[in-house]
Amino acid sequence: MYDLYNLSFAFAACASFVCLSNIIFTHVQGRMGKTQNKLFELLLWIVALNGACNTVTALYAPMMETSSKAVMICNITRYLYFAFHTALAPAFFFYISHVCGRVFKVGPRNRYIYFILTIIAEVLALTNPFTKWVYLVDENNEFHRNWGEMIIYVISAVFFFLAVAMLFKTWSALTVKRRTGMIIFSAITFLGIVCQLLYSNFRVELFAESVGLTGVMMIIENEDDRIDNETGLYNRLAFVMDLQGYFLNKIPLHAISLRINTPEIISRKRGADNRELAEKKVASYLETLHKKYNIYKIGRRTFVLLFFKKTDEEALQIANTILERFDRPWHLVDTFVLLSPSILVADIPRQLDNLNDAIYMFDSFKPEKENKKLLSGDDLDNILRGSAIEKSISNGLAEGKFEVFFQPTYNIDGRKLHGAEALVRLHDDTMGLLYPDEFIPVAENIGLIDAIDDFVLIEVCKMIKEENFENRDIDCINVNLSVIQLMKPGFVEHINGIVETSGIDKKMINFEVTESLSADSYEIMNSVINDLKKEGFLFSMDDYGTGYSNMKALASMNLDCIKIDKSILWEAQKSDLGFIILENSIRMIHQMKRDILVEGVETEEQIKLLEPLGVNYLQGFYFSKPVPKDKFLEIVREAGV
Ligand code: C2E
Ligand code: CA
Ligand code: CA
């Protein structure tokens with residue numbers, strides 16, 4: 001018996017010592033002033049004081065028979081022990097709910113229940129000197145438990161299991177390191193509690209708890225892996241994990257993302273790149289606006305601030321305040337620089353309802369227009385649609401979701417079928433039929449335009465071969481080429497390869513290219529066109545009149561046909577000036593000895609307007625919209641060619 005007292009004394013003293021060391025360590029480390037940190041410190045204090053109480057009790061207990069002073073001291077320390085220890089489980093639960101981010105989520109009803117449970121336990125412990133419901137000490141100074149202690153245990157168990165359940169709910173938002181740590185240290189604590197419950201004289205519970213808390217301190221409170229070394233803010237890992245937690249717990253929030261668009265921030269005197277310093281300056285500025293632990297640096301020059309319980313207007317107001325700060329220069333060592341920001345304000349989960357979309361958005365948001373620095377509301381939908389289209393394009397190539405439509409072209413003389421333009425479509429399972437105006441620019445951006453254009457060319461060749469167009473009265477099928485693709489080395493060989501494999505005559509393919517702006521690219525384009533023309537392909541200039549229309553360059557290009565854009569035709573119908581432009585464009589192209597196709601023909605009136613001007617070919621909804629292959633073949637059959 002005496003040995004067990006000694007052991008209890010040692011365990012209690014150790015628990016107290018461990019917790020006090022942890023408190024000192026936490027302070028020395030200066031861990032961020034989050035409520036979570038304060039609650040953790042509270043847990044340490046509870047166990048430390050409990051340990052102190054038990055140490056004193058263990059010291060004086062053997063003297064109780066002889067000294068009334070010892071009896072009094074033991075009574076006080078036991079009383080204090082119960083008073084403090086009863087608060088441990090509710091405090092632990094509250095701490096875990098902060099760690100998991102659930103605290104925003106607890107409804108008023110549950111809050112009430114937690115409060116009542118805590119009060120019941122504490123009232124039992126605090127009123128014990130009068131009621132003796134929790135424990136009593138008999139006239140022989142023997143300690144006896146009473147039913148009240150069982151109730152306190154049950155309430156503690158409820159809080160403990162609530163905390164564990166909460167952890168499991170947010171499990172996937174914890175890193176593997178944190179998960180294993182939580183399991184190991186919870187197990188140690190649990191074991192200690194069970195031991196003491198079974199052998200009440202083996203007072204090991206507090207020590208187990210102090211070991212458990214040390215583990216929590218090493219694993220959860222230690223946020224070294226969550227901190228950005230340069231700015232001291234939370235890093236990308238912390239952002240992804242926290243945001244995942246908020247999604248799992250369905251906690252609504254506003255995210256304001258700030259990107260500094262100035263890629264190099266060069267100091268005037270030293271010629272050094274001051275990116276790091278600029279980031280630090282911006283980080284300190286952001287800290288004046290918001291609590292440090294809700295600001296993250298998620299990438300180079302990119303920050304995210306998370307706000308809870310703000311309205312859209314309030315979030316926008318904060319975003320504008322940040323923008324205004326960027327109107328003024330930033331002081332970096334020996335120079336003042338203006339930094340160019342873009343800001344995005346998102347309501348989560350209303351606008352971004354999953355982690356992937358959110359991360360994509362914060363990583364890649366870009367203002368469409370140079371001068372638009374603040375993105376919110378509808379802008380986000382557009383960016384998200386862009387991301388959905390990117391996914392749709394890459395999946396579509398693998399899953400055969402692209403389809404080539406054909407829009408017939410006609411000779412103006414006798415309105416006889418001339419051929420068709422191949423126009424690509426993309427079937428998306430959720431967004432439906434997508435049009436090239438929307439997805440071609442995206443495909444160009446992500447480098448998948450080559451694959452799409454190859455697919456179209458292969459399909460066109462296949463159709464020409466299968467339907468034997470060469471020996472029927474079909475002149476050519478027009479295929480659009482992206483200028484980006486055309487500029488790539490080896491392009492001519494690549495195209496030759498595809499068409500030669502199909503075994504069709506090259507003159508059946510009429511490539512359409514659009515004007516490009518730079519003089520250099522004209523030269524490359526010219527040489528590619530010449531090479532392909534030597535092979536026997538035909539060439540058209542698309543969308544004449546929409547761009548720069550460099551006449552000299554146009555005249556120097558070896559083209560078969562110029563396609564006049566629909567806007568020129570439509571303007572000609574609307575105004576005299578428009579008509580003059582159309583008429584003169586046609587005259588000039590004729591002088592260059594090129595054929596002319598006018599697109600966008602929608603009415604008989606327009607044809608009447610074009611006939612006297614001497615264009616060669618027509619294309620437009622008047623004849624047919626772009627249609628699937630089967631429908632186009634029907635048109636070919638009906639035309640009797
Ligand atoms: P584009 O080459 O100027 O193609 C003509 C566009 O005008 C087609 O739109 C067609 O549906 C539309 N159109 C034709 N006639 C009329 C008309 O009478 N009225 C009106 N309102 N519109 C008419 P679509 O199919 O949406 O194609 C848009 C653009 O996408 C094309 O413009 C072309 O630049 C590009 N594109 C389409 N297919 C491909 C492709 O396979 N590869 C590449 N690189 N670009 C393509
Ligand atoms: Ca075209
Ligand atoms: Ca066109």
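The values are calculated or read from the model by the stated rules, or taken from the named source; none is laboratory data. This is a predicted model, so every value here is computed, not measured. Reconstructed Cβ throughout: ideal geometry from the backbone, glycine too, with neighbour counts over all protein chains shown. Only protein heavy atoms, including side chains, enter the accessible area calculation; ligands, DNA and RNA are left aside. Shrake-Rupley method; radii C 1.70, N 1.55, O 1.52, S 1.80 Å.
For the residues D437, D413, D429, the requirement of being within 15 Å of ligand 3 (Cβ to nearest atom) and among the charged types (D, E, K, R) singles out D437.
For the condition in contact with an Asp or Glu (Cβ under 8 Å, 6 or more places away or on another chain), farther than 19 Å from E421 by Cα and more than 16 Å from ligand 3 (Cβ to nearest atom), G614 does not qualify.
Summed over the range 70-84, residues that are surrounded by fewer than 18 Cβ atoms within 10 Å (Cβ to Cβ) and either of a type in the set (V, I, T) or without any contact (Cβ under 8 Å) to a residue 12 or more places away in the chain (or both) total 3. Mind listing just one residue for me: the one in the range 1-55 that is among the β-branched types (V, I, T) and within 21 Å of G215 (Cβ to Cβ) and, of those, nearest to the chain's Cα centre (by Cα)? Taking the candidates together, the pick is T35. Could you check the range 200-241 and list, in sequence order, the residues that are of a type in the set (D, E, K, R), part of a helix (DSSP H, G or I) and closer than 30 Å to N6 by Cα? Matches in the range 200-241: E205, E209. Among all residues of the range 425-437, there is none that is open to solvent by 50 Å² or more (accessible area, probe 1.4 Å), modelled with pLDDT of 95 or more, among the polar types (S, T, N, Q) and over 20 Å from S516 (Cα atoms). How about the range 415-424: which of its residues are more than 9 Å from ligand 1 (Cβ to nearest atom) and either of a type in the set (V, I, T) or surrounded by fewer than 20 Cβ atoms within 10 Å (Cβ to Cβ) (or both)? R415, K416 - these are the residues of the range 415-424 that are more than 9 Å from ligand 1 (Cβ to nearest atom) and either of a type in the set (V, I, T) or surrounded by fewer than 20 Cβ atoms within 10 Å (Cβ to Cβ) (or both).
For every residue, the table says whether it meets (1) outside the structural domain of D312 (by TED's automatic domain parsing); (2) of a type outside the set (S, T, N, Q); (3) in contact (Cβ under 8 Å) with a residue 24 or more places away in the chain.
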residue	(1), (2), (3)
T170	yes, no, yes
V176	yes, yes, no
I193	yes, yes, no
R203	yes, yes, yes
L206	yes, yes, yes
V216	yes, yes, yes
L243	no, yes, yes
L248	no, yes, yes
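The single residue among I412, I464, I446 that is more than 11 Å from ligand 1 (Cβ to nearest atom), open to solvent by 60 Å² or more (accessible area, probe 1.4 Å) and in contact (Cβ under 8 Å) with a residue 40 or more places away in the chain turns out to be I446.
Output yes when any residue across the range 369-379 is touching a Phe, Trp or Tyr at 6+ places or on another chain (Cβ under 7 Å) and away from ligand 2 (no atom under 16 Å from the Cβ), and no when none is. Yes - at least one qualifying residue is present in the range 369-379.
Of all residues in the range 586-611, those satisfying the criterion of being in contact with a helix residue (DSSP H, G or I) (Cβ under 9 Å, 6 or more places away or on another chain), of a type outside the set (D, E), on the phi < 0 side of the Ramachandran plot and within 14 Å of ligand 3 (Cβ to nearest atom) are I596, V598, V601.
The residue pairs whose first member lies in the range 615-627 and is among the β-branched types (V, I, T), whose second member is open to solvent by less than 20 Å² (accessible area, probe 1.4 Å) and not in a loop (DSSP other than H, G, I, E, B), and whose beta carbons are closer than 7 Å, counting only pairs six or more residues apart or on different chains, are V615/I586; V615/I596; V615/V598; V627/F406. Considering the range 229-263, and only residues there that are in contact with a strand residue (DSSP E or B) (Cβ under 8 Å, 6 or more places away or on another chain) and closer than 24 Å to N22 by Cα, the residue that is surrounded by the fewest Cβ atoms within 10 Å (Cβ to Cβ) turns out to be A238. Across the range 592-609, which residue is nearest to ligand 1 (Cβ to nearest atom) among those that are open to solvent by less than 20 Å² (accessible area, probe 1.4 Å) and in a helix (DSSP H, G or I)? Checked the range 592-609; the qualifying residue nearest to ligand 1 (Cβ to nearest atom) is Q606. The set of residues in the range 527-569 being part of a loop (DSSP other than H, G, I, E, B) and away from ligand 3 (no atom under 16 Å from the Cβ) consists of G536, F537, N550, M557, N558. Test Y81 against the stated conditions and say whether it is in the same structural domain as S16 (by TED's automatic domain parsing), closer than 16 Å to S210 by Cα and not β-branched (V, I, T). When the stated conditions are applied, Y81 passes them.
Scanning the range 491-526 for residues that are within 16 Å of ligand 3 (Cβ to nearest atom) and more than 22 Å from K462 (Cα to Cα) yields T514, E515, S516. For the range 617-640, the set of residues classified as away from ligand 2 (no atom under 16 Å from the Cβ), assigned to a loop (DSSP other than H, G, I, E, B) and surrounded by 14 or more Cβ atoms within 10 Å (Cβ to Cβ) consists of Y622, A639, listed by residue number. Would you be able to say whether some residue in the range 265-279 is open to solvent by 40 Å² or more (accessible area, probe 1.4 Å) and assigned to a helix (DSSP H, G or I)? Yes, that holds for at least one residue.
Residue count for the range 280-300 under the criterion of being open to solvent by less than 70 Å² (accessible area, probe 1.4 Å), more than 20 Å from T311 (Cα to Cα) and not in a helix (DSSP H, G or I): the result is 4.
Every residue, every condition in (1) within 53 Å of the chain's Cα centre (by Cα); (2) over 16 Å from L88 (Cβ atoms); (3) open to solvent by 20 Å² or more (accessible area, probe 1.4 Å), yes or no:
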residue	(1), (2), (3)
L126	yes, no, yes
Y135	no, yes, no
R145	no, yes, yes
G148	yes, yes, no
I155	yes, no, no
V164	yes, no, yes
A173	yes, yes, no
I184	yes, yes, yes
Q196	yes, no, no
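Restricting the first member to the range 533-545 and to residues that are within 11 Å of ligand 1 (Cβ to nearest atom) and charged (D, E, K, R), and the second to residues that are open to solvent by less than 10 Å² (accessible area, probe 1.4 Å) and part of a strand (DSSP E or B), the beta-carbon pairs closer than 9 Å and six or more apart or on different chains are D542/N478; D542/E512; D542/V513; D542/I562; D542/K563; D543/E512; D543/K563; D543/I564. Selection over the range 133-189 of residues that are hydroxyl-bearing (S, T, Y) and assigned to a helix (DSSP H, G or I) gives a count of 6. Among residues of the range 95-111 that are within 18 Å of F239 (Cβ to Cβ), those with a beta-carbon under 7 Å from a residue that is charged (D, E, K, R) at least six positions away or on a different chain give the pairs G101/D242. Being under 36 Å from the mean Cα position of the chain (by Cα), over 21 Å from D630 (Cβ atoms) and surrounded by 14 or more Cβ atoms within 10 Å (Cβ to Cβ) is the requirement here; does S364 meet it? Taking the combined requirement at face value, the residue does not satisfy it.
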